[in-house]
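Here is the structure we will look at, set down as structure tokens.
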Amino acid sequence: MQTTDIGNKEEGKVWHRKPTPSNTGVMVTVIRSAAAYQSKTVRFLHVTFDTTGDSFLAGDHHGNIYVLDITRNRFRLVQKTGQACTALAFNLRRTTEFLVALADYSIKCFDKDTKQLVSWMRGHEGAVSSVSVHGSGRYAISTSADTAQLWDLDTFQRKRKLNVRQSVGIQRVFFLPLGNTILSCFNDDSIFAWESDTLFCKYQLPVPDEGPRIHYKAFAVTRDGKILAAGGRSNLLHLWCLDTRQLLRVVQMPPEVRSVRQLEFLPDSFDGGASQTLGVLSQDGVMRFINIQTCKLLFNIGSHDDAITSATVSPNGRHIVTIMDNGSLNIYSVQCLTQDYNKPPPSLVKVVSGGECSALTMKVKSEGVQRPAKNSGRRVKTKVLRPPAVPMTDDKENELPDGLNKKRLVTLLKAFGEYPAKYR
């Protein structure tokens with residue numbers, strides 16, 4: 001595993017030699033040392049991938065925004081905001097633009113190529129914890145503890161504002177994939193679905209009556225928008241079917257998990273958006289990836305000594321970027337992490353091996369090859385025939401087929417004047 005210190009560089013290589021992922025799956029660790037203190041580092045706070053999954057944005061505590069391109073092995077400083085960011089998101093319609101929520105409760109839109117400020121959006125009275133962009137790239141939702149605001153990214157005007165009672169509080173509000181539905185999750189574990197254009201309430205998921213309250217804190221939705229995973233102050237996970245609005249399954253994590261910090265589905269190229277692998281980041285800094293159908297633990301990343309604070313999965317499912325407890329970035333290769341359970345199935349071709357009485361053994365005779373006779377139950381000894389000894393070079397010219405040799409042939413020709421017809 002190699003480490004790259006980007007320091008005060010404005011651009012450079014993410015790695016200096018071809019990554020060879022370690023047993024932990026880490027391709028490279030990225031840190032940023034402080035200018036005046038080489039022993040101190042500036043913490044990274046947030047990461048977000050673009051739609052291709054080949055590059056991602058990373059914002060640090062000093063307000064610097066970097067773009068790291070994994071495919072091209074390049075990093076570049078694209079903005080100095082001067083204050084810590086609280087959320088990051090790409091503008092899906094204009095792919096060079098990105099949104100950054102800042103510590104002063106505002107949201108700014110920048111162009112990563114020109115480094116110019118595109119727009120400045122204000123209206124929140126608390127820190128923005130998340131920014132969700134609609135699949136079309138037309139709208140964005142920003143969420144703080146007391147309000148969620150819907151923005152038109154063509155005009156950068158606020159379109160709607162969702163206020164809640166102070167006694168409830170908002171956990172998260174975000175767009176569902178493949179549709180115009182907004183999902184809002186509140187502190188009392190209630191979840192509502194809204195029409196994005198009219199903010200008409202489409203449905204509410206029933207709050208489970210049985211079992212202890214989970215106190216939802218973390219949410220994840222599959223790419224097809226059909227399965228919602230929710231977790232919180234418990235080692236239990238709820239899996240909801242959003243089509244039927246029913247609780248599909250309750251998954252109990254291992255005893256080491258006491259609370260869930262973050263949930264992320266790991267997409268697969270051939271699953272049609274119905275992701276089966278769910279990453280669960282718990283309070284111990286370990287992210288455990290499980291199969292939601294079989295409930296089997298597939299692999300882990302992070303450890304007690306090298307704890308993960310947050311994680312982001314690329315849309316193509318090839319890489320995972322984690323922010324570690326020490327403020328560094330780890331870039332993981334998913335292929336390396338999944339190679340143990342993604343092994344190809346065993347070959348369908350089976351080789352028939354026989355014992356001492358193999359039915360496929362064939363007896364070789366000097367006249368040719370015959371099919372084996374039926375075994376009457378007695379043990380058949382198979383004799384290995386060796387090729388006849390090669391005659392000496394001096395006798396080769398006297399050897400003729402069918403028992404004749406040159407001397408006898410000469411005698412017959414002298415006696416009869418020709419080779420007898422009866423011997424032909």
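Data for the structure
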item	result
Potential lengthening between Lys407 and Gln2 on full extension [0.36 nm per residue; Cα-Cα distance subtracted]	137.3 nm
Dipole magnitude (debye, nearest 20) for the stretch 2-337, charges at Cβ of Lys, Arg, Asp, Glu	400
Global geometry of the stretch 227-329, whether rounded, prolate or oblate, following the gyration tensor of its Cα atoms and the 1.5 cut on a/c	oblate
The stretch 93-138-the stretch 16-80 distance, computed between alpha-carbon centres (Å)	20
Fully extended contour minus Cα-Cα distance, from Ala103 to Thr71, at 0.36 nm per residue	8.4 nm
Full-stretch length increase - His215, Gln339 - with 0.36 nm per residue and alpha-carbon distance subtracted	41.1 nm
Shape category assigned to the stretch 1-116 from the gyration tensor of Cα positions, a/c cut at 1.5	oblate
Given charges at beta-carbon only (K, R positive; D, E negative), |dipole| of the stretch 138-294 in Debye	340
Length-normalised contact order of the stretch 2-337 in % [C-alpha pairs under 8 Å, at least 6 apart]	12
Hull shadow area, averaged, the stretch 2-337 [alpha-carbon convex hull, nm²]	16.8
Label-point separation in nm, Arg245 to Gln283, each point 7 Å along Cα→Cβ	3.4
Spacing of the two label points (7 Å from each Cα toward its C-beta) at His304 and Leu117, in nm	4.8
Mean Cβ count within 10 Å, highest first, over the residues of peptides 54-61, 291-298, 81-88	54-61, 81-88, 291-298
For the stretch 165-278: rounded, prolate or oblate by the Cα gyration tensor [a/c cutoff 1.5]	oblate
Cα lying deepest toward the dipole's positive end in the stretch 116-248, options Thr181, Ser136, Ile214, charges on Cβ	Ser136
Sites Arg93 and Lys202 - FRET efficiency at Förster radius 22 Å, r taken between beta-carbons, to 0.05	0.35
Inter-probe distance in nm under a simple model that places probes 7 Å from Cα toward Cβ, at Asp325 and Ala415	10.8
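Computed from the coordinates by the stated procedures, all read-outs in this text should not be read as laboratory data. These figures come from a predicted structure and were not determined experimentally. So basically every Cβ, Gly included, is an ideal-geometry build from the backbone, and we count neighbours across all protein chains shown.
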